[in-house]
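Novice: Got a structure for you, questions after.
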Amino acid sequence: MATSWTLPDHPKLPKGKLVTIIVLDGWGEATADQYNCIHRAETPVMDSLKNGAPEKWTLVKAHGTAVGLPSDDDMGNSEVGHNALGAGRIFAQGAKLVDAALASGKIWEDEGFNYIKESFAEGTLHLIGLLSDGGVHSRLDQVQLLLKGASERGAKRIRLHILTDGRDVLDGSSVGFVETIENDLAQLREKGVDARVASGGGRMYVTMDRYENDWGVVKRGWDAQVLGEAPYKFKSALEAVKTLRAEPKANDQYLPPFVIVDESGKSVGPIVDGDAVVTFNFRADRMVMLAKALEFADFDKFDRVRVPKIKYAGMLQYDGELKLPNKFLVSPPLIERTSGEYLVKNGVRTFACSETVKFGHVTFFWNGNRSGYFDETKEEYIEIPSDSGITFNEQPKMKALEIAEKTRDAILSGKFDQVRINLPNGDMVGHTGDIEATVVACKAADEAVKIVLDAVEKVGGIYLVTADHGNAEDMVKRNKSGQPALDKSGSIQILTSHTLQPVPVAIGGPGLHPGVKFRTDINTPGLANVAATVMNLHGFLAPDDFETTLIEVADK
Ligand SMILES: O=C(O)[C@H](O)COP(=O)(O)O
Ligand SMILES: [Mn+2]
Ligand SMILES: [Mn+2]
């Protein structure tokens, strides 16, 4: 049936008010202690919004099943968080879809696997991706099943190109993951499969850049994975990871690229003509750049030197518009009819902005993993260039001020009905594990919120301030009773990852109808309830299949 795009009028709320949505990336609600950087930072604006509880400030779930992840032990992340915020419904996400395809065995029957399988007789199967159990971009158990399944179905020579994590999991955990996978590979070798790790590097320094912030990151990976060239050479991946952590003392996120070499010093696994390649991350943002390098004929972002003729499949298709990659093992969630598309089709002129490292969050993810505009005459998306080549604890203020100023100008211009932005600080600096820098980051984000809310005030608009998942509010690993968990040496363990905490939603502004308040009758509201809320604030009712609105309107 053709979609009817016309949204019904809200019976009580007017149209024509400017609605500003601020997403504070990695900004959850947690106990106020020394590891809570939001609590430690001066955040007068966010504090004052909290004083609006319960009518104008509330908490929603931002992790687990509320955002389409397999279980409530899964922390939230930007992809699923912004998908839920923008789409207003909960879709089974990549992690869950891959689990299901592996459990049913459908993954082996579908086109993607059968395509790469054609190379098994003569060529090598290369698996490239993030080796961790973080469940944000990939999951170790899925890689293990992929190895097992491919070898049982004819892959005789397998090379693994690993990216170490330390960002969605504890720093240092790479050693254990490498031990696990080396063990699996040894078992495969016993069965006659020539299976080894061929190359590696830390995810933030090798391969997993995003939104084209720094192609040098992808090139470093290409050189190691495809060309078999890297500044560090080792006999085994375990030796590589242990050595590079000690000297040059890199952490898991930033291990330099390495290749595994044989007795004669030759790389054991460059990618050559006739091979098959699978990138096993299910999440798109940090794999799509490599996918472009592997698949595009007229690629010009760096000199690939040698472009092997391969059969390539992604774990998922990473970009539905670009059909990239063309072949994939599992179909991605089909997130259609997002709030952004509805609102634009109902005349809502839309502005979106962030800096490069989060730009796709309020555009691509918000719009259901779709790049580009729905209607370029009604939309403007502004990307502020991020710094590259640094870890963000060096510049914890990031581009918050620049984002805020651009947004203020957009609000004051009168050209837009919806303005939506992402402020990255709490998340990007939180991932470095640097507590002092994260405190500075949270203050900078709060200052940016002030600039934007002042502009909303001036034009008589409405604001909705929220977050996509937790991060900066808890920087330590905890035991079951919530106390910092100590490692073997009795030290606390810094948490670089996201959390399971709920996130705030605050509404207000001079344009908000005085009777609007948060409902108290919704059973565990989550991020997916925000889209219908935003539609209401624009004077519309959401489509029936959207998760219900968070607000009600008393007659005043
Ligand atoms: O990709 C990353 O930086 C982390 O793995 C997850 O962070 P994000 O979901 O906030 O982007
Ligand atoms: Mn995020
Ligand atoms: Mn993050």
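The values are calculated or read from the model by the stated rules, or taken from the named source; none is laboratory data. None of the values given here were measured: they were computed from a predicted structure. A quick note on method: Cβ atoms are made from the backbone with ideal geometry, for glycine too, and the neighbour counts reach across all protein chains shown. What goes into the accessible areas is simple: the full protein's heavy atoms, side chains included, and nothing from ligands, DNA or RNA. Shrake-Rupley method; radii C 1.70, N 1.55, O 1.52, S 1.80 Å.
Novice: Here is a check on your reading of the model: is ALA198 outside any loop (DSSP other than H, G, I, E, B) and either surrounded by fewer than 23 Cβ atoms within 10 Å (Cβ to Cβ) or in contact (Cβ under 8 Å) with a residue 12 or more places away in the chain (or both)? Please lay out each step first, then the result.
Specialist: On the way: outside any loop (DSSP other than H, G, I, E, B): yes; either surrounded by fewer than 23 Cβ atoms within 10 Å (Cβ to Cβ) or in contact (Cβ under 8 Å) with a residue 12 or more places away in the chain (or both): yes.
So ALA198 passes the test.
Novice: Taking into account only those residues within the range 129-159 that are outside any helix (DSSP H, G or I), more than 16 Å from ligand 1 (Cβ to nearest atom) and touching a helix residue (DSSP H, G or I) at 6+ places or on another chain (Cβ under 7 Å), which is nearest to ARG245 (Cα to Cα)?
Specialist: First, pick out the residues of the range 129-159 that are outside any helix (DSSP H, G or I): 129-139, 153-159.
In the following step, the residues that additionally are more than 16 Å from ligand 1 (Cβ to nearest atom) were identified as 153-159.
Of the ones still in play, those that are also touching a helix residue (DSSP H, G or I) at 6+ places or on another chain (Cβ under 7 Å) are 153-154, 158.
On the way: ARG153: 36, GLY154: 36, ILE158: 26 Å.
Only one residue tops the list, namely ILE158.
Novice: I'd like the residue in the range 481-501 that is within 16 Å of ligand 2 (Cβ to nearest atom) and open to solvent by 40 Å² or more (accessible area, probe 1.4 Å) and, out of all such residues, is farthest from LEU170 (Cα to Cα). If you could, list the steps in order and put the result at the bottom.
Specialist: Filtering the range 481-501 for residues within 16 Å of ligand 2 (Cβ to nearest atom) gives 495-501.
Filter once more, keeping what is open to solvent by 40 Å² or more (accessible area, probe 1.4 Å): 500-501.
Numbers: LEU500: 15, GLN501: 17 Å.
Taking the candidates together, the pick is GLN501.
Novice: Need the failing condition index for SER267 against (1) closer than 29 Å to THR496 by Cβ; (2) buried (at least 17 other Cβ atoms within 10 Å of the Cβ), just the number.
Specialist: It is condition (1) that SER267 fails.
Novice: Take the residues in the range 377-398 that are over 30 Å from ALA250 (Cα atoms) and in contact (Cβ under 8 Å) with a residue 12 or more places away in the chain; name whichever of them is least open to solvent (accessible area, probe 1.4 Å). Steps first, answer last, please.
Specialist: Taking the range 377-398 as the starting set, the residues that turn out to be over 30 Å from ALA250 (Cα atoms) are 377-383.
Next, only the ones that are in contact (Cβ under 8 Å) with a residue 12 or more places away in the chain stay: 378-383.
Details: LYS378: 65, GLU379: 13, GLU380: 61, TYR381: 32, ILE382: 36, GLU383: 84 Å².
Per the criteria, the residue is GLU379.
Novice: Quick check on my filter: what residues within the range 343-359 are within 16 Å of ligand 1 (Cβ to nearest atom) and either within 13 Å of GLU379 (Cβ to Cβ) or in contact with a helix residue (DSSP H, G or I) (Cβ under 7 Å, 6 or more places away or on another chain) (or both)? Talk me through it step by step, then tell me what you get.
Specialist: As a first pass, look at the range 343-359 and keep what is within 16 Å of ligand 1 (Cβ to nearest atom): 354-359.
Matches in the range 343-359: SER354, GLU355, VAL357.
Novice: While we're on this one: I need the full set of residues from the range 160-195 which are among the small types (Gly, Ala, Ser) and either in a strand (DSSP E or B) or at pLDDT below 95 (or both), in order please. Walk me through it before giving the result.
Specialist: First, the residues of the range 160-195 that are among the small types (Gly, Ala, Ser): 166, 172-174, 176, 186, 192, 195.
Passing the criteria: only ALA195.
Novice: Follow-up question, since we're still on this one. Can you pull out the residues in the range 121-146 that are among the hydrophobic types (A, V, I, L, M, F, W, C) and open to solvent by 10 Å² or more (accessible area, probe 1.4 Å)? Spell out the reasoning first.
Specialist: Start the filter on the range 121-146 by keeping residues that are among the hydrophobic types (A, V, I, L, M, F, W, C), which leaves 121, 125, 127-128, 130-131, 136, 140, 143, 145-146.
Listed by number, the residues that qualify are ALA121, LEU140, LEU145.
Novice: Could you grab me the full set of residues in the range 11-29 that are open to solvent by less than 80 Å² (accessible area, probe 1.4 Å) and out of contact with any His (no Cβ under 8 Å at 6 or more places or on another chain)? Quick ask: steps written out before the conclusion?
Specialist: Our first condition is that a residue be open to solvent by less than 80 Å² (accessible area, probe 1.4 Å); within the range 11-29, this holds for 13-14, 16-29.
Once the filter is applied, which keeps residues that are open to solvent by less than 80 Å² (accessible area, probe 1.4 Å) and out of contact with any His (no Cβ under 8 Å at 6 or more places or on another chain), the range 11-29 yields GLY16, LEU18, THR20, ILE21, ILE22, LEU24, TRP27, GLU29.
Novice: If the Cβ limit is 9 Å and pairs must be 6+ apart or interchain, which residue in the range 7-34 that is in contact (Cβ under 8 Å) with a residue 12 or more places away in the chain pairs with which residue that is within 16 Å of ligand 1 (Cβ to nearest atom) and aromatic (Phe, Trp, Tyr)?
Specialist: VAL23/TRP366
Novice: Quick one: GLU394 ticks every box in (1) more than 16 Å from ligand 3 (Cβ to nearest atom); (2) in a helix (DSSP H, G or I) except a single one, so which number is it?
Specialist: (2)
Novice: Would you say ALA2 is of a type outside the set (Ser, Thr, Tyr) and under 21 Å from ASN425 (Cα atoms)?
Specialist: Values: of a type outside the set (Ser, Thr, Tyr): yes; under 21 Å from ASN425 (Cα atoms): no.
Spelling it out, it is not the case that ALA2 is of a type outside the set (Ser, Thr, Tyr) and under 21 Å from ASN425 (Cα atoms).
Novice: Among the residues of the range 354-376, is there at least one that is part of a helix (DSSP H, G or I), out of contact with any Cys (no Cβ under 7 Å at 6 or more places or on another chain) and surrounded by fewer than 24 Cβ atoms within 10 Å (Cβ to Cβ)?
Specialist: Yes, because at least one residue in the range 354-376 is part of a helix (DSSP H, G or I), out of contact with any Cys (no Cβ under 7 Å at 6 or more places or on another chain) and surrounded by fewer than 24 Cβ atoms within 10 Å (Cβ to Cβ).
Novice: Would you be able to say whether some residue in the range 157-174 is open to solvent by 60 Å² or more (accessible area, probe 1.4 Å), closer than 24 Å to GLY228 by Cβ, away from ligand 3 (no atom under 16 Å from the Cβ) and more than 24 Å from the chain's Cα centre (by Cα)?
Specialist: Checked against the condition, which is being open to solvent by 60 Å² or more (accessible area, probe 1.4 Å), closer than 24 Å to GLY228 by Cβ, away from ligand 3 (no atom under 16 Å from the Cβ) and more than 24 Å from the chain's Cα centre (by Cα), the range 157-174 yields at least one hit.
Novice: Does the range 451-458 contain any residue that is surrounded by 23 or more Cβ atoms within 10 Å (Cβ to Cβ), acidic (Asp, Glu) and either without any contact (Cβ under 8 Å) to a residue 24 or more places away in the chain or away from ligand 3 (no atom under 15 Å from the Cβ) (or both)?
Specialist: no
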